[in-house]
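Visitor: Below you'll find the structure I mean.
Each reported figure results from applying straightforward, stated rules to the coordinates on display, with no laboratory input. All figures in this text were calculated on a predicted structure; none of them were measured in a lab. We place every Cβ from the backbone using ideal geometry, glycine too, and count neighbours over all the protein chains shown.
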Amino acid sequence: MAHNKYFQFKQFRIEQHHSAMKVNTDGVLLGAWVNIENATTILDIGTGTGLIALMLAQRCNAAITGIEIDEFAAAEAALNAAKSPWADRLKMQCVSLQHFVQVRNDKYNLIVSNPPFFTESMKNTSLRLSMARHNDSLPFTDIISSARKLLDPEGRLALILPVDEALSFIQLARESGLMLNRLSKVRPFPDKEPNRMLMEFSCIGNNISEAIFSVYDSTGTSYSEEFSRLARDFYLKL
């Protein structure tokens, strides 16, 4: 059940009264798509409402840390985590990635992020919405360098980005020794070009696993089979 102040999933509820970025398809896609194999420690960068962290808590038994620079979103993420069935495995912190990486020596099997991606587009008049959407406070280079420091040797970094920003991120990651291992291109409808990329990186160069799918089917009114398969453990109506 969707509501502007909360979003009800099958096993948890997201309160989002105060968070600048509400529950959206990008977050759901990443939370459902990411490979959780062998993940015992997970970091969610820019956790927002805590959506992706909660989805991953539902999917695996890992200890999950979410970090968020916006104090209102961080408080809401902590509330959502505390009210969930996995409160004992979820820890939400109000901290910037840049500070977090300076003070923590922990290693993670998996780092996920649905990062802000606007770079030069006009800023929103709301400072908090701008922070959630623009990458001034969370540039791609900081995500990559932090992942290099915080990932264990076989760990993975997974993100979702619009296509142009994704191509830029892939290039920056490659230059820092993070190789693209898995890629899914996401189209809104079967007859449209992809507008999002789901990406998974590691320090180990493998053959790239590539896929493409649509969020909606050709009618434009129902979710596609692929999206339904990803989201059926979460969405009430699937």
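Visitor: Which percent, to the nearest 5, of DSSP beta bridges fully inside the chain are antiparallel?
Guide: Details: 19 of 45 bridges.
Beta bridges within the chain, antiparallel portion: roughly 40 percent.
Visitor: Kindly put F201, F7 in sequence by how many other C-beta atoms sit within 10 Å of each C-beta, fewest to most. Working shown, then result.
Guide: Numbers: F201 26, F7 22.
Sorted ascending by nearby Cβ count, the order is F7, F201.
Visitor: Would you mind checking K5/K91; K10/K185; K83/K185; K107/K237 for any pair whose Cα atoms are more than 29 angstrom apart?
Guide: Over 29 Å apart, Cα to Cα: K83/K185; K107/K237.
Visitor: Only helices at least 27 Å long along their own axis, judged from Cα atoms, and with Kyte-Doolittle mean hydropathy of -1.0 or greater: name those in the chain from DSSP H. Intermediate results must be reported in sequence, preceding the final value.
Guide: Details: long enough: none.
Helix filter hits for the chain: none.
Visitor: Another question, if that's okay. Loop-only check: which trypsin sites (Lys or Arg not before Pro) in region 152-238 are DSSP coil with at most 13 other Cβ within 10 angstrom?
Guide: For trypsin sites (Lys or Arg not before Pro) across region 152-238 that sit outside H, G, I, E and B with at most 13 neighbouring Cβ atoms in 10 Å, the list reads K192, R232, K237.
Visitor: While we're on this one: Can you sort K149, K22 from fewest to most other Cβ atoms within 10 Å of each residue's own Cβ?
Guide: K149, K22
Visitor: List the longest stretch of the chain that has no exposed loop site; here a site is one of the GluC sites (Glu not before Pro) assigned by DSSP to anything other than H, G, I, E or B, with at most 16 other Cβ within 10 Å.
Guide: Within the chain, the longest run free of exposed GluC sites (Glu not before Pro) spans 121-238.
Visitor: Treat the count of other C-beta atoms within 10 Å as a stand-in for reagent exposure and order D88, D26, D217 from fewest to most.
Guide: Ranking D88, D26, D217 by Cβ neighbours within 10 Å, fewest first, gives D88, D217, D26.
Visitor: Which label marks the calculated value of semi-axes √(5λ) of the Cα gyration tensor in Å, given the options (i) 23, 22, 19; (ii) 30, 22, 14; (iii) 30, 18, 16?
Guide: For semi-axes √(5λ) of the Cα gyration tensor in Å, the calculated option is (i).
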